[in-house]
Each structure stands twice: as C-alpha cells, then as structure tokens.
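Engineer: The following block contains the structure, expressed as structure tokens.
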Amino acid sequence: MEPCIMAVFLRQPLYYLVRGDFFTKTVYNFLLRSLKMIPIYRIVDAGYSGLRNNYATFAACSAGLSQNRTIMIFPEGNARHEKRLRPLQKGLGRIVMGTFENFPEMDELYIVPVGVNYTYAESPRTEVMIDIGEPIKAKPIFEEMGARAGVELTRRLEKAMTDRIVVIDHPEDEGLAEHLLVMDRSERLTGVFPVKSAPSAPILAEKK
C-alpha cells in the first residue's frame with residue numbers, strides 16, 4: 001500500500017525498489033519498469049548468485065539520484081504488518097556510498113524517513129497515519145566517516161524511523177496493546193471525509 005499512498009500525495013514522480021523475482025517474466029519486467037520500478041534481489045528470493053544482479057540496481061539508483069530523482073526504499077527488506085521496526089538492511093547505505101563515489105560533484109543527497117502506521121491494515125476505509133521526518137543530509141556523514149558512512153547513516157535512519165511509528169517492543173504485548181488502541185480510537189471516531197487531513201493528533205495518540 002505504501003507506494004500507492006505516497007504516489008498519490010507526492011508531486012514528484014517516485015521510483016521504487018521492488019522484489020527482483022517479480023521481474024523474471026518478460027511481460028512483467030516490461031510493465032514493472034514502465035511503472036518506475038527497479039528490481040532488488042534478496043537472498044531469500046534469488047539466492048547468493050542472484051545478489052550479483054544488485055550491482056546493476058545500485059548503479060541505476062545512483063544514476064537516478066544524480067539526476068534528482070526520488071527513490072522509495074523499504075529498508076527493512078520485507079513486508080509484514082507489525083508494530084515495530086525490524087533491522088534495516090545495508091542496501092540503502094551502499095546506494096548512498098556508491099552515489100557519492102560515482103558522482104562526487106553532487107552537492108547533497110537527502111534521506112527522508114517516513115513512518116507509515118495503520119489502524120486496521122487489512123480492512124477497507126480505515127486510517128493510515130503518515131509521519132514524515134526531517135531529511136537526513138548524507139554528504140556530511142560521507143565526508144566525515146568515509147567507509148563507515150553507510151553504517152552511521154543506517155543508524156540515524158533507524159532512530160528517525162522508530163520515532164515515527166507505533167512501537168510495541170514485545171510480541172507478547174500485542175494483544176493487550178491492540179485492545180487499548182481500539183478503546184482509544186473509539187473516542188476519536190472520524191468520518192469518511194476529508195480523505196486527507198494534516199493534524200498530528202491521531203498518530204500522537206496511537207504512540208502514547
């Protein structure tokens with residue numbers, strides 16, 4: 001859902017990193033690439049041999065970023081509906097490092113942390129709460145830390161994303177937490193309209 005939501009509400013065109021095994025058939029490859037999707041290969045899908053394909057993906061991302069394109073990355077590397085942040089993968093850091101190495105003339109590269117929170121993710125006509133954080137400037141980190149910049153960037157992004165999502169640290173607490181969330185939501189019932197609104201009260205209430 002996240003790519004659809006962001007594409008609807010953002011003005012600039014978005015490019016997306018998508019599971020590489022979706023691109024295996026020629027017709028799928030054509031359609032997905034025409035929708036600005038770029039394949040990214042995971043061990044679980046493509047095995048170790050398939051990871052070699054990511055060199056071309058990282059190069060394409062770096063070239064796109066050098067042309068001021070916006071790329072949407074899911075740094076957790078998988079999609080499950082749960083209220084916690086899973087460990088971030090190394091791909092984003094590698095893309096940033098490669099971009100500055102291949103395009104040293106770039107003035108800056110911004111990483112924008114986005115937290116997406118759902119009330120009832122699998123039910124229609126329910127709420128999505130999006131919290132967009134301050135952009136992280138990548139070039140000062142790259143210039144200061146060199147080869148360690150990717151690790152530091154991932155650490156900062158992890159902190160920024162955690163601050164923007166509802167976090168239930170322990171899975172065994174999810175049942176109780178969901179009961180409390182349902183009770184709280186009943187006090188702030190909303191109608192169908194407006195479709196989009198800006199107040200931060202709902203996400204702040206969920207986090208509290």
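Read-outs throughout are calculated quantities, based only on the coordinates presented, and are distinct from any laboratory measurement. Everything quoted here is computed from the prediction, not taken from an experiment. Virtual Cβ from ideal backbone geometry, glycine too; neighbours counted across all protein chains shown.
Engineer: Consider only pairs whose beta carbons are under 7 Å apart and that are at least six residues apart or on different chains; among these, list those whose first residue lies in region 44-56 and is surrounded by 12 or more Cβ atoms within 10 Å (Cβ to Cβ) and whose second residue is of a type in the set (F, W, Y).
Structural biologist: Within 7 Å, the pairs are G50/Y41; L51/Y41; N53/Y41; N54/Y41.
Engineer: So, one more: Taking region 70-87 as the region of interest, how many residues are of a type in the set (A, V, I, L, M, F, W, C) and either surrounded by fewer than 17 Cβ atoms within 10 Å (Cβ to Cβ) or more than 10 Å from the chain's Cα centre (by Cα) (or both)?
Structural biologist: So the count comes out to 2.
Engineer: Just give me the residues in region 158-182 being more than 20 Å from the chain's Cα centre (by Cα) and free of Cβ contacts under 8 Å to residues at least 12 places away in the same chain, in sequence order.
Structural biologist: H170, E172, D173, G175, L176, E178, H179, L180, V182
Engineer: In addition: Taking into account only those residues within region 92-114 that are touching a residue at least 12 places away in the same chain (Cβ under 8 Å) and over 22 Å from E134 (Cβ atoms), which is nearest to the chain's Cα centre (by Cα)?
Structural biologist: R94
Engineer: I would also like to ask the following. Please work out if R185 is in contact (Cβ under 8 Å) with a residue 40 or more places away in the chain, in contact with a strand residue (DSSP E or B) (Cβ under 8 Å, 6 or more places away or on another chain) and basic (K, R).
Structural biologist: When the stated conditions are applied, R185 does not pass them.
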